[in-house]
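Trainee: Dropping a structure here in C-alpha cells format, bear with me for questions.
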Amino acid sequence: MEFNSHAIAEGEAFVNLFLRLRAKGIDSPRIFSALEQAQRQNFIDPIYADLALNNCIIPISCGEYIERLDDQIILIASLQLEKKHRVLEIGTGSGFTAALMARLAGRVTSIERYKTLCEQARQRFQVLNIDNITLRQADACYGLTGSGPFDRIVIWPSQKSEPQSFMELLAGNGVLVAPVGPANSIQTIVRYSKIGNCFERADMFRVRYQPFIQGIAAVL
C-alpha cells in the first residue's frame, strides 16, 4: 500500500509538472520523455525526494543548490537540442541537468569546480547507464582553453557581463544560454544565437543565481 501511495503521489507530481510547463509554453514530447528517464529524485538527497518535481530550490552538497525545476527545463528547452549536438554545461551541480540533456543531445561535457559534486554526479550517471557525458572538475571562470567548438552551451553561474569567452566556443548556428547581471542581485537569463559571425540576443526571464567562483574547490 505504501508503494502504491508513493507511485500515485509521484504520478500526480508529474502531471502537475506537465500542466505547469504547458502553461509556460513547453509542450515537447522529447522533453517530457527525457524527464521521465532522467529521474530527478535520484539526484537529490532522499529527505527532499518528495520535492523532486516541485518548482522550488533544493539544497545539495558543498553549500550549493538545484535551481527551480521549471527554470531548468525552460532553459534546456530553449537550446532546442538534437542528437547531433555537442553540449557544454558550466556548473554540473547534482548532475540532473547534464543527465537530462544527455537524453536529448549527442554528447555533453559538464564542468564543475567541486570534487564532491563531480564524484556524486559520476556515480549517478553510472547507476542510470548514461555514457555520453564527459565530466570534468575545472575552473571555468574565464572560459575553457583548448575546448570546443560546441553546438550548445548552458551556463548556470551568473556573470556580470556578456560571456564572451564562452561565446567564442560556439560552433556555427550555435546557441548559448546564461544568467547575466550583477552578483547577489537579479539577473536576466539571456539566449545568444550565433548567426554567421554575429550574435542575436534574446532576454528570457529574471532569476537570482549564484555568481561564478574563481578556482577549483581546495577541500570540497
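The values are calculated or read from the model by the stated rules, or taken from the named source; none is laboratory data. Model, not experiment: these values are computed from the prediction. Positions of Cβ are backbone-derived with ideal geometry, glycine not excepted, and every protein chain shown enters the neighbour counts. SASA here: full protein model, heavy atoms, side chains in, ligands and nucleic acids out. Shrake-Rupley method; radii C 1.70, N 1.55, O 1.52, S 1.80 Å.
Trainee: So for the range 105-208, averaging the separation of alpha carbon pairs under 8 Å that are six or more residues apart and normalising by length, what relative contact order in percent results?
Mentor: Here the relative contact order equals 18 percent.
Trainee: Around LEU170, which amide H atoms from residues at least 5 apart in sequence, or from another chain, sit under 5 Å from its own amide H, with H modelled in the peptide plane?
Mentor: Excluding prolines and chain starts, which carry no amide H, the hits are PHE150.
Trainee: Let me ask something else about it. Relative to the longest principal axis of the C-alpha atoms of the chain, give the angle of the C-alpha long axis of helix 69-78, reported between 0 and 90° and rounded to the nearest 10°.
Mentor: So the helix axis and the longest Cα principal axis differ by about 50 degrees.
Trainee: Let me ask another. Under 15 Å from the Cβ of ILE130, count the other residues' Cβ atoms, weight Lys and Arg +1, Asp and Glu -1, and hand me the total.
Mentor: +3
Trainee: Just to confirm a number: summing +1 for Lys and Arg and -1 for Asp and Glu over residues other than ILE66 whose beta-carbon lies under 15 angstrom from that of ILE66, what do you get?
Mentor: Neighbour charge sum, excluding ILE66 itself: -4.
Trainee: Hey, what D do you get for the range 6-97 in µm²/s if you plug the Kirkwood alpha-carbon radius into Stokes-Einstein at 4 °C and 1.567 mPa s?
Mentor: Calculated translational D: 93 µm²/s.
Trainee: Any chance you could give the angle, 0 to 90 degrees and rounded to 10, that helix 115-127 forms with the longest Cα principal axis of the chain?
Mentor: With rounding to tens, the tilt is 60 degrees.
Trainee: Accessible area of the range 1-158 with a 1.4 Å probe: how many percent of it is carbon plus sulfur?
Mentor: 50
Trainee: For the chain, set up a GNM with springs between Cα atoms under 10 Å and report which of ASN197, ASN55, ASN184 has the largest fluctuation.
Mentor: Among ASN197, ASN55, ASN184, the largest GNM mean-square fluctuation belongs to ASN197.
Trainee: Further question: Which number do you get for Rg(Cα) / (2.2 N^0.38 Å) in the range 31-169?
Mentor: Normalised Cα radius of gyration, the range 31-169: 0.98.
Trainee: Moving to a separate point now. Please work out the Cα center distance from the range 127-162 to the range 189-210, rounded to the nearest Å.
Mentor: After rounding, the separation between the Cα centres reads 16 Å.
Trainee: While we're here: Test of understanding: in a Gaussian network model of the chain with alpha carbons linked when under 10 Å, which of GLU67, GLU168, GLU12 would top the mean-square fluctuation ranking?
Mentor: GLU12
Trainee: Another question, if that's okay. Which value, in Å², gives the accessible area per residue of the chain when a 1.4 Å probe is used on the protein heavy atoms?
Mentor: Accessible area per residue, the chain: 49 Å².
Trainee: Another question, if that's okay. On a 28 Å Cα-Cα criterion, which of the cross-link pairs LYS84/LYS194; LYS83/LYS160; LYS24/LYS194 come out too long?
Mentor: Beyond 28 Å between Cα atoms: LYS83/LYS160.
Trainee: In whole Hz, what ³J(HN,Hα) sequence does the range 145-162 give by Karplus (6.51, -1.76, 1.60; θ = phi - 60°), x for Gly and Pro?
Mentor: Karplus-based 3J(HN,Hα) across the range 145-162 equals 6, x, 10, x, x, 10, 7, 9, 9, 10, 10, 8, x, 7, 10, 5, 9, 3 Hz.
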